[in-house]
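What follows is a single structure, written as structure tokens, with notes after it.
The values are calculated or read from the model by the stated rules, or taken from the named source; none is laboratory data. Computed from a prediction, not measured in an experiment: that's the story for all the values here. Cβ placement follows ideal geometry from the backbone for every residue including glycine, while neighbour counts extend to all protein chains displayed. What goes into the accessible areas is simple: the full protein's heavy atoms, side chains included, and nothing from ligands, DNA or RNA. Shrake-Rupley method; radii C 1.70, N 1.55, O 1.52, S 1.80 Å.
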Amino acid sequence: MLELFKGNKMFRRFLVYGVLSALGGGIFQIFMLLSIHLLYENPIYTGIAGALIALPHIFAFAVGPVVDRRNKVSIMRITIVLEFIPLALLAFTPLLENIGIMFMFAVIITYSVARLFEGSASGALLPQLVKSDELMKANSFANLIAMSGGLLVAVALFFVLGDVTDFSLVYGASAGLLVIAFLFSLLLKDPAEKGDGKLKEKIDYIKDLKIGGKFVVGNALLFFLVATVALSFVGEVAYVNRPEFFEYHVGSQGYIVFTTLVLVGGIVASALTGAMGQKIKIGPMIFIVLLIVGFMRIAITLILPYNFGVALTFQILAAAFGTVFGLVINSYMQKITPKDMMGRVGSIFTTPAAMITVLGALVGGFVGSMIYAVDYIFIFQGVSYIALGIFLVLIPKIRKLPKINDIESPDNPETE
């Protein structure tokens, strides 16, 4: 991975930009749900907040074609400025506890819309900056650096905040990181850019959706899409109940600790995936990963009330293998997808996953307000991971997938 970093100047710039942007966005998502939970102590509000984070991604099918046809770097610059605005509002708004819930919801939806465009553009730009056989290393290295930076920031905030529930400092730090990310974006260029970058081709959304959908259905991406949608639902049901679950067992600082350990797991996973991911067949790797994550989720839920240290260890393992799943799927998609279709194919994943995530957030908020112990939600999440792993390994097309470097990258541009 270091060779890739040293030998590719544009990738280095992209990496710095991506890390800063990810840190700003990650801090926002971690502390926004906790802020709403601590301020209002209403699972319904937390569920709505989780739904609003995912809601704009339902319209990813409309974003992908635009990203494919426009200067991706320009989109990244514009949207990161739009992400900065709501964070700056939160940072400089006094008396956070007096802010109305509707204001918080408006901030979430504004930020999430901008994040949708930025994420799609940066995801489509990476395959243009590195060789096809370097994609898994590039994704792993970017994730490794982002997680490491996130860990340092999270630890610093943990010691600075203590038991404070006014998170203005957090949002200020997040906004500051986005400002620096914007400055680094000025050093980036879109290799595919021609002319003035204006949209020269009229977009036919139905046609574009069919093109992306036909491509996904024609290979193993279809089954990964089904798994992603299912995991998005059960994951979001659990996600919106995490603040209540962890605060009950280990307090609000315990929530931050466990959330921070996701970054530790991501660091471990990124290093392992970058070093070994290309040496293991995709099918068996996905099966083993999902089984381990499922068992770890169940173990955390059962052990946390009795042994904090062991639960922390299991949290790292769950986060690590969960990150491996995402890295492998993303690298596989980038490897087999023509570069000029990347935005559209990505939107085929994003839109249905976002729709089910919104539903999962609302269901999670409702269920969390109805049942006495939200622990059962996390046990259900673990069982779902195990079931999905078994489902995927039973599919011949998944089971026979080779190592990622043994997969041929498409030589031809978009085909219908």
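Quick notes
- Per-peptide average of other Cβ atoms within 10 Å, ordering 385-394, 238-247, 108-117, 366-375 highest first: 238-247, 108-117, 385-394, 366-375
- Taking all protein chains together, His57, His37 sort by accessible area into His57, His37, largest first [probe 1.4 Å].
- Proximal charge balance of Ala319 [Cβ under 13 Å; K/R count +1, D/E count -1]: +2
- Calculated log₁₀ intensity ratio I(q)/I(0) where the Debye formula runs over C-alpha points of region 48-120, q = 0.12, 0.22, 0.25 Å⁻¹: -0.37, -0.95, -1.11
- Solvent-accessible surface ranking, highest first, for Tyr248, Tyr40 at 1.4 angstrom: Tyr248, Tyr40
- Here the accessible area is traced with a 1.4 Å probe on the protein chains. For region 37-86, carbon and sulfur cover 69 percent of it.
- Of the solvent-accessible surface of region 275-416, computed with a 1.4 Å probe over protein heavy atoms with every protein chain present, carbon and sulfur atoms account for 69 percent.
- Each 10 Å bin, from zero up to the one with the longest distance, holds this percent of the alpha carbon pairs of region 290-344: 23, 34, 20, 15, 7, 0.
- Positive contributions from Lys and Arg (+1) and negative ones from Asp and Glu (-1), summed over other residues with Cβ under 15 Å from the Cβ of Gly47, come out at -2.
- Other residues with beta-carbon under 10 Å from the beta-carbon of Gly25 carry, at +1 per Lys or Arg and -1 per Asp or Glu, a net charge of -1.
- Once the C-beta distance of Leu169 and Val383 is scaled by a Förster radius of 35 Å, the resulting FRET efficiency is 0.35 to the nearest 0.05.
- Computed FRET value (nearest 0.05) for Asn219 with Lys279, which takes r as the C-beta separation and R₀ as 22 Å: 0.50
- Structure note, pairs Lys281/Lys339; Lys339/Lys400; Lys210/Lys279; Lys214/Lys400: Cα-Cα distances above 28 angstrom occur for Lys210/Lys279.
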